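**Student:** Below is one structure. I have some questions about it.
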Amino acid sequence: MLFQRLKTGKPRLLQGYVDADYAGDLDQRIFMTGYVFTVAECIISWKVELQDTIALSTTEAEYMAAVETSKEALWLRGG
């Protein structure tokens, strides 16, 4: 479940963080994507990898990272 109550009454919330960055290779423009998901401040899922597709801009790389992270978030929510 996305929201559950702790004994203190605070909700447990699935939180996700994502980023895309140059992988130290400005010539080939291969970006690295990373995301992490937490529940109650505990990491439950994470991934770091080079993107398969070459991005033409940093904005495009960020969009590709957001799409991959959204797919993982949907899977974690069960829907």
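**Student:** Within region 17-56, track down each residue that is of a type in the set (Val, Ile, Thr) and either in contact with a helix residue (DSSP H, G or I) (Cβ under 9 Å, 6 or more places away or on another chain) or more than 15 Å from residue 69 (Cα to Cα) (or both).
**Tutor:** The answer is 18, 30, 33, 39, 44, 53, 54.
**Student:** Still on this structure: Would you point out the residue of region 38-58, among those that are closer than 20 Å to residue 17 by Cβ and of a type in the set (Asp, Glu), that is modelled with the highest pLDDT? Steps first, answer last, please.
**Tutor:** Step one: list which residues in region 38-58 are closer than 20 Å to residue 17 by Cβ, which gives 38-51, 55, 58.
Now drop any that are not of a type in the set (Asp, Glu), which leaves 41, 49.
Numbers: 41: 85, 49: 91.
Across region 38-58, the extreme among qualifying residues is 49.
The values are calculated or read from the model by the stated rules, or taken from the named source; none is laboratory data. Remember, predicted model here, so these are calculated numbers, not experimental data. Methodologically, a virtual Cβ is constructed for each residue, glycine included, from the backbone with ideal geometry; neighbour enumeration extends over all protein chains shown.
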